[in-house]
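S.K.: Quick one: this structure, given as structure tokens, is what I'll be asking you about.
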Amino acid sequence: MTDAAVRGVGLGLRWDFLDELVERTGATGRERAPIDFLEVSPENYMRRGGAQPAALAWLAERYPVVTHGLTMSLGGSDPLDEGYLGDLKATLRALRSPWHSDHLCVGAIGGRALHDLLPVSFKRSAVDRIAQRIRRARDALGVPLAIENVSYYWHPGRADLGEAEFLSAVCDAADCGLMLDVNNAYVNCQNFGVDPAAWLRAAPLERTVQIHVAGHEWFAVGPEGVGDAVAPRTPGALIIDTHGADVPDPVLSLLERALERTGPAPIVLERDENVPPLDVLLDEVARIRALAAKVSVKATASRPLDA
């Protein structure tokens, strides 16, 4: 879709409902599903042929698309993969993504992909090194780049800064955007005993380009590690960012508080595990859209009249 703005509430595109979304959209795109845009992880489609990339190209002619990467390893020490960046640039151009985002994490060591998003050390000495990598990637891609706060369950070494302060320092040094993942912020705050309101105050919300929301699950923790799923707020339980449940009310409440600071940023609903039927996801998109509209109305009502 040429020159379409990415705004409102979108859905992370997954293979689970790719074919159904194509069928429901219709050949002309006039019968589009009630989502404002799609978010795509390009690694799932680039460097391969077949039905999925063809379906994505078809949908990209009918919905606005924004891209969200998985493997750049912006916090790592391996050199950035120039071949990957070149292929990614071509993919972004084909999809007409207005910006690209990836995670502030370590995703590869010694040339081997970890298939995980490991946390970086929140040290002042790491800020400039990571900022240089972000600027290099942004220049290679030719579009604005935003970094996402990841969920983590341990911290490598002693931190100099809190997570939100570190994010702010990196974004300022790199002059880049923030992909604000509200669920990740909530999960980390709960697991590490941080006040979510304080986290939002310290985070660089003025740099927010886009927002993610998702669900999480609670698990028992014992001497042998993580155990079975348990009820929310079970004493001693660990929250894990599974993307495997509906967005819970506490995350929606934190989203509302974030939107009061960021203004009407585009929001994406993510779901990767226990993916329900498309209609269930669309109902959740509608719920998030209603919340965002409520915040917008409240902001307009509180705005002072011109003299």
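The values are calculated or read from the model by the stated rules, or taken from the named source; none is laboratory data. Keep in mind it's a predicted model, so treat the numbers as computed, not measured. Virtual Cβ from ideal backbone geometry, glycine too; neighbours counted across all protein chains shown. The protein model used for the area step is the full one, side chains on, heavy atoms only, and it has no ligands, DNA or RNA in it. Shrake-Rupley method; radii C 1.70, N 1.55, O 1.52, S 1.80 Å.
S.K.: I want the local charge near H103. Using Cβ-Cβ distances under 11 Å, sum +1 for each Lys or Arg and -1 for each Asp or Glu among the other residues.
M.R.: -4
S.K.: How much net charge surrounds T242 when only other residues with a Cβ under 11 Å from its Cβ are counted (Lys, Arg +1; Asp, Glu -1)?
M.R.: -4
S.K.: Okay, next question. Pull out a ≥ b ≥ c, the square roots of the eigenvalues of the alpha-carbon gyration tensor of the range 227-277, then state rounded if a/c is under 1.5, prolate if not and a/b is larger than b/c, and oblate in the remaining case.
M.R.: oblate
S.K.: Residue separation times 0.36 nm, minus the C-alpha to C-alpha distance between L18 and A301: what's the value?
M.R.: Result: 97.9 nm gained on full extension.
S.K.: How far, in nm, would the chain grow between D195 and A220 when pulled straight, counting 0.36 nm per residue and subtracting the alpha carbon separation?
M.R.: Extending this stretch completely gives an extra 6.8 nm.
S.K.: List residues of the range 266-294, by number, whose backbone nitrogen lies under 13 Å from a label position 7 Å along Cα→C-beta of R7.
M.R.: 266-267
S.K.: On to the next question. In the range 163-205, what percent of the accessible surface is made up of carbon and sulfur (1.4 Å probe, ligands and nucleic acids excluded)?
M.R.: 47
S.K.: Over the chain, give the accessible area per residue in Å² for a 1.4 Å probe, as an integer.
M.R.: With the other protein chains kept in place, the chain gives 47 Å² per residue.
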